[in-house]
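Data block below; observations after.
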Amino acid sequence: MAADPVQKIIKAAVKRGASDLHVKAGDVFRARIDGKLVPLTKQRLTPDQTRAIALQLIPNEEDRSRIDQLWDYDCSWGMPGVGRFRVNLLRQRSSFMIVMRVIPFAVPSMESLGVPDVLKPLLEKKRGLIIVSGASGGGKSSTMASMVHHLNTSTEKHVVTIESPIEYLHRDMKSSVTQRDVGIDTASVLDGIQAALRQDPDVIVIGDLPESETLDTGIRAAEMGHLVIGGLSTPNVASTISRMLAMFPAEERDVARARLGDVLLVVAAQQLLPRKDGDGRVPLFEVLISTDEVRGWIRERGTPADLEAIMAADKTKTGMMTFDAEVKRLVKAGDITAESAQAVSAKPVKRATRARRRSSSTRKDT
């Protein structure tokens with residue numbers, strides 16, 4: 001398949017609001033639109049066609065020359081006038097498959113993504129740890145990019161990002177933004193963090209905290225007086241805290257609890273749910289602000305139920321949010337269906353649905 005038809009398909013998918021594209025030998029082009037994976041073409045791709053597309057997307061000659069030895073490969077690719085893409089090349093059934101994540105040229109603002117305002121003052125802190133979590137495709141990369149954009153447009157700082165690969169491109173504005181691509185600009189995430197400590201940073205952004213050594217170095221950077229923003233692929237606030245602590249050996253966890261309690265500023269977990277009217281998706285956030293009570297919970301090995309109670313009781317004081325309360329609010333407002341919300345929280349959905357029905361019935365009566 002020639003390059004022009006491929007680019008036309010990609011352009012059409014982006015125009016329809018696709019978040020991801022799937023290109024696989026033996027299958028048609030598919031795109032994820034509003035959370036659903038839909039076909040874009042009728043003709044199935046051959047292994048040779050998929051290999052040829054993969055060659056177009058690999059950015060350097062050395063990697064292209066060894067394409068038949070590649071098993072899993074990550075890179076970025078740009079299409080003029082359309083956007084940038086995070087590309088994952090993989091093998092399946094001895095043939096190639098390509099998954100492309102769409103990254104718009106324009107860096108989103110926190111307001112456009114619906115990121116809670118309570119996070120903005122925390123970005124002004126000189127030191128501490130901000131964690132953004134969520135499942136793959138849940139929007140955390142965009143949220144982290146919007147935080148960098150907020151810093152870039154409102155503060156005079158040096159922001160160093162360590163990404164695998166680089167997604168959004170940040171132009172230096174009020175701040176200087178240094179973006180390092182793992183595998184191209186630095187050997188590993190850990191090497192990138194350690195090097196960043198010698199690069200006069202104010203803020204260090206780590207796209208993914210994959211294991212204990214990177215998390216430990218990120219915490220150490222916060223302890224040394226830097227603001228650290230890190231991403232984790234965990235579904236909610238409680239599992240994010242548990243995952244971070246579980247990264248450390250059992251004999252080090254008490255110390256890790258104390259260190260985490262000292263530097264943690266906030267954990268913001270997020271999901272994207274389909275809008276009730278079918279027009280796009282609604283962001284759903286769960287936010288844990290580090291208060292004295294939360295720090296005590298971390299140090300004393302509190303249970304997830306205890307943490308949920310702390311968050312629910314504290315929301316009017318610091319702006320904490322729980323998924324339970326937020327899905328209840330969105331269902332009541334008519335933004336999402338009870339069925340969509342059910343996977344997030346079963347308990348409040350029924351109450352919210354009843355409340356909305358009562359409200360609808362009252363309007364009819366009047």
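Pairs of C-alpha atoms in region 80-192 farther apart than 21 Å represent 44 percent of all such pairs.
Using each residue's phi in region 101-117, evaluate 6.51 cos²θ - 1.76 cosθ + 1.60 at θ = phi - 60° and report the 3J(HN,Hα) Karplus result to the nearest Hz, with x for Gly and Pro. Running phi through 6.51 cos²θ - 1.76 cosθ + 1.60 with θ = phi - 60° gives 8, 6, 10, x, 4, 6, 6, x, 8, 4, 5, 5, 8, x, 5, x, 4 Hz.
Count Lys and Arg as plus one, Asp and Glu as minus one, and take only other residues whose Cβ is under 13 Å from that of G280; the net charge is then +2. Using a Gaussian network model of the chain in which every pair of alpha carbons under 10 angstrom is joined by a spring, one finds that among P121, P108, P39 the greatest mean-square fluctuation is at P121.
Once the Cα-Cα distance is subtracted from the 0.36 nm per residue extended length, the D48 to S242 segment shows a gain of 65.4 nm. Which value, in Å² rounded to 10, gives the accessible area of W297 with a 1.4 Å probe and all protein chains present? Approximately 20 Å² for this residue.
Taking 0.36 nm per residue of sequence separation and removing the Cα-Cα distance, the R171/Q69 pair yields an extension gain of 33.2 nm. Using only side-chain charges placed at the Cβ, +1 for Lys and Arg and -1 for Asp and Glu, the dipole size of region 54-170 relative to its Cα centre rounds to 240 debye. Exceedance of the 31 Å cut-off in Cα-Cα distance is limited, within the set K174/K332; K140/K332; K140/K315; K42/K276; K174/K276; K11/K315, to K174/K332; K174/K276; K11/K315. Solvent-accessible surface (1.4 Å probe) assigned to D262 amounts to roughly 80 Å². 3J(HN,Hα) couplings calculated from phi for region 201-207 with the Karplus curve 6.51 cos²θ - 1.76 cosθ + 1.60 (θ = phi - 60°) are, in sequence order, x, 9, 10, 10, 10, 10, x Hz; Gly and Pro show x.
With contacts taken as Cα pairs under 8 Å at a separation of at least 6 residues, the chain carries a relative contact order of 12 percent. For a modelled paramagnetic label at S212, 7 Å from Cα along Cα-to-Cβ, the residues of region 257-277 in reach, with backbone nitrogen under 18 Å, are 257-261. Could you look at the chain and say what percent of its accessible area is carbon and sulfur, using a 1.4 Å probe and all protein chains? Its accessible area is 49 percent carbon and sulfur atoms. Residue by residue, region 64-78 carries 3J(HN,Hα) couplings of 5, 5, 10, 4, 6, 9, 7, 10, 10, 8, 10, 7, 10, 8, x Hz when phi is fed to the Karplus relation 6.51 cos²θ - 1.76 cosθ + 1.60 (θ = phi - 60°); x denotes Gly or Pro. Each Lys and Arg contributes +1 and each Asp and Glu -1, all at the Cβ; summed about the Cα centre of the chain, the dipole is approximately 2000 debye.
Under a GNM of the chain (C-alpha, springs under 10 Å), which listed residue has the highest mean-square fluctuation: I206, I33, I289? With Cα springs under 10 Å in the chain, the top fluctuation among I206, I33, I289 is at I33.
On the basis of the beta-carbon distance and an R0 of 22 Å, E339 and D277 show a calculated FRET efficiency of 0.95. The relative contact order of region 19-116, computed from alpha carbon pairs under 8 Å that lie at least 6 residues apart in sequence, is 26 percent.
Here the chain is described by how far its Cα atoms reach on the three principal axes: 65, 59, 42 Å, from widest to narrowest. Available extension along the chain between L113 and R127 is 2.6 nm, counting 0.36 nm per residue and deducting the alpha carbon span.
Peptides 225-231, 60-66, 98-104, 25-31 ranked from most to least packed by the mean count of surrounding Cβ atoms within 10 Å: 225-231, 98-104, 25-31, 60-66. Entry for region 150-269 at q = 0.11, 0.13, 0.18, 0.23 Å⁻¹: log10 I(q)/I(0) = -0.37, -0.51, -0.97, -1.42, Debye formula applied to identical alpha-carbon scatterers, no solvent contribution.
Peptides 85-97, 237-249 ranked from most to least packed give 237-249, 85-97, packing being the mean of other C-beta atoms within 10 angstrom over each peptide's residues. Calculated on the alpha-carbon coordinates, the convex hull of region 51-109 measures out at 86 cubic angstrom per residue.
Can you compute the label reach from V38? Point 7 Å from Cα along the Cβ direction, backbone N cut-off under 18 Å, restricted to region 273-293. Hits in region 273-293 for V38 at 18 Å: 273-282. For S133, the residues whose modelled amide H falls within less than 5 Å of its own, excluding neighbours fewer than 5 places apart on the same chain, are L232, A268, A269, Q270. Comparing E211, E251, E156 in a Gaussian network model of the chain where C-alpha atoms under 10 Å apart are linked, the largest mean-square fluctuation is found at E251.
Here's the picture: charge each Lys and Arg Cβ at +1 and each Asp and Glu Cβ at -1 in the chain, and of L40, A145, A258 the one pushed furthest to the positive end of that dipole is L40.
Taking a straight line from the alpha carbon of K317, these lysines sit under 22 Å away, with near neighbours fewer than eight places off in the same chain left out: K120, K125, K328.
The values are calculated or read from the model by the stated rules, or taken from the named source; none is laboratory data. Note that the structure is a prediction, hence the values are computed from the model and not measured. Quick reminder, even Gly has a Cβ in these numbers, built from the backbone with ideal geometry, and neighbours come from all protein chains shown. Keep in mind that these areas ignore ligands, DNA and RNA; they rest on the heavy atoms of the full protein, side chains included. Shrake-Rupley method; radii C 1.70, N 1.55, O 1.52, S 1.80 Å.
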